Structure formats: structure tokens, C-alpha cells
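Below you'll find the structure, written out as C-alpha cells, and then a few comments.
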Amino acid sequence: MAHTLLVLNGPNLNMLGTREPGVYGKETLADVEAQCRATAEAHGLALEFQQTNHEGQMIDWIHQARGRVAGIIINPGAWTHTSIALHDALVAAELPVLEVHISNVHRRESFRHHSYVSLVAVGVIAGFGTHGYSLAVTHFAKLLG
Ligand code: DQA
């Protein structure tokens with residue numbers, strides 16, 4: 001059976017394409033999903049793609065992923081910098097995690113420089129625009145292959 005990857009997107013990422021295009025680009029979240037699906041398919045991986053503005057919903061999805069998917073790719077949005085609950089959920093899931101940020105958070109405001117998620121992540125991709133998601137899918141293909 002094909003490995004399944006779960007791609008999770010946090011708050012405000014439903015606004016991609018119209019939200020601060022100078023920072024996040026003009027592609028929509030639907031465009032990102034299509035890129036992820038194409039990359040996953042090319043590597044024989046199944047893929048689930050979700051976005052929520054509700055932290056509890058995100059935590060429920062992470063719990064449900066445990067033992068079910070091969071890995072999580074997550075752009076936690078602003079929860080990256082605030083959420084110990086998200087950190088704890090990812091620890092509890094016991095799955096490999098790749099953290100993705102569209103922008104280079106390290107050349108932005110200092111409050112974006114700390115990530116609770118990085119403590120749990122195999123790796124972090126930041127500043128590659130929406131292409132970062134496809135890079136993460138490709139890396140999982142290598143890890144799982
Ligand atoms: C982001 C960076 C975060 O600091 C911000 O809150 C986001 C998006 C990114 O993809 O660059 O919502 O995760």
C-alpha cells in the first residue's frame with residue numbers, strides 16, 4: 001500500500017494569493033495543494049491536504065494521524081511561534097514532521113524567529129515560497145523510499 005503524507009496548514013493560509021502577496025506570493029492554497037498532489041503522485045505517495053483556522057481542529061487531525069500516515073508536513077502559520085499545545089500534539093503523534101514556511105521567517109520580525117514546532121521537526125524549509133511544500137514532499141519520498 002502507498003505511504004500517505006498529511007499536509008497541514010494553519011491559520012490565515014486559506015487567504016494565500018490575496019494575503020500579503022509581497023510576502024507569500026500570488027499562488028492560492030488550491031495551487032499549493034495541486035503542486036503537492038503532483039509531486040506525491042510522481043513518487044507513488046498518497047496525500048491528504050488540510051487547512052484550519054482553529055487550533056483544536058489542528059490538534060485533533062494530528063492525533064488522528066498517529067499510526068495512520070507515514071509523515072506530516074506542516075505550515076503552522078502563527079501557531080509556530082505561540083503554541084505549546086501544537087508542539088505537544090506533534091510529540092504525541094510519534095511521526096516524522098517537516099516544518100514549512102513560505103517566507104523566510106528569520107529575516108522577518110523577531111517574534112517569528114522562535115518555533116515550538118522546530119523542536120519536533122526532522123527539518124525546516126523556510127523562504128522557498130510555496131515551492132517549499134513540494135521540496136518537503138520530495139524529501140519524504142526519499143526518507144520513505
Ligand atoms: C508562515 C510564517 C508565519 O510567521 C506566519 O504567521 C504565517 C505564515 C509562512 O508560511 O511563512 O502565517 O508560516
- line: Within the stretch 12-47, of all residues that are assigned to a loop (DSSP other than H, G, I, E, B) and surrounded by 15 or more Cβ atoms within 10 Å (Cβ to Cβ), the one modelled with the lowest pLDDT is Gly25
- line: Considering the stretch 65-98, residues that are near the ligand (Cβ under 9 Å from one of its atoms) and outside any loop (DSSP other than H, G, I, E, B), and then whichever is farthest from the chain's Cα centre (by Cα), we arrive at His81
- request: Give the residue, chosen from Asn53, Asn75, Asn9, that is surrounded by fewer than 17 Cβ atoms within 10 Å (Cβ to Cβ) and either closer than 20 Å to Ile125 by Cβ or touching a helix residue (DSSP H, G or I) at 6+ places or on another chain (Cβ under 9 Å) (or both).
  value: Asn53
- prompt: How many residues does the stretch 109-122 contain that are open to solvent by 60 Å² or more (accessible area, probe 1.4 Å) and more than 10 Å from the ligand (Cβ to nearest atom)?
  reply: 5
field: Residue tally, condition farther than 20 Å from Val105 by Cα and either without any contact (Cβ under 8 Å) to a residue 60 or more places away in the chain or within 13 Å of the ligand (Cβ to nearest atom) (or both), over the stretch 1-37
entry: 6
Qualifying residues in the stretch 128-145 (those that are among the aromatic types (Phe, Trp, Tyr) and within 15 Å of the ligand (Cβ to nearest atom)) - the one most open to solvent (accessible area, probe 1.4 Å): Phe128
query: Which one of the conditions (1) part of a helix (DSSP H, G or I); (2) crowded, with 17+ Cβ neighbours inside 10 Å; (3) within 13 Å of the ligand (Cβ to nearest atom) does His106 fail to meet, given that it meets all the rest?
result: (2)
- prompt: Could you say which residue among Ile125, Ile62 is among the hydrophobic types (A, V, I, L, M, F, W, C), touching a residue at least 12 places away in the same chain (Cβ under 8 Å) and either surrounded by fewer than 21 Cβ atoms within 10 Å (Cβ to Cβ) or in a loop (DSSP other than H, G, I, E, B) (or both)?
  reply: Ile125
- line: Within the stretch 4-58, the residues that are within 26 Å of Ala141 (Cα to Cα), more than 13 Å from the chain's Cα centre (by Cα) and among the hydroxyl-bearing types (Ser, Thr, Tyr) are Thr4, Tyr24, Thr28, Thr39
query: Quick check, is Ala2 part of a helix (DSSP H, G or I) and of a type in the set (A, V, I, L, M)?
result: no
- request: Kindly provide the set of residues from the stretch 128-145 that are in contact (Cβ under 8 Å) with a residue 60 or more places away in the chain and not in a helix (DSSP H, G or I), ordered by number.
  value: Gly129, Thr130, Gly145
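The values are calculated or read from the model by the stated rules, or taken from the named source; none is laboratory data. Keep in mind the model is a prediction, meaning the values are calculated, not measured. Methodologically, a virtual Cβ is constructed for each residue, glycine included, from the backbone with ideal geometry; neighbour enumeration extends over all protein chains shown. Ligands, DNA and RNA are excluded from the accessible area calculation, which covers all protein heavy atoms including side chains. Shrake-Rupley method; radii C 1.70, N 1.55, O 1.52, S 1.80 Å.
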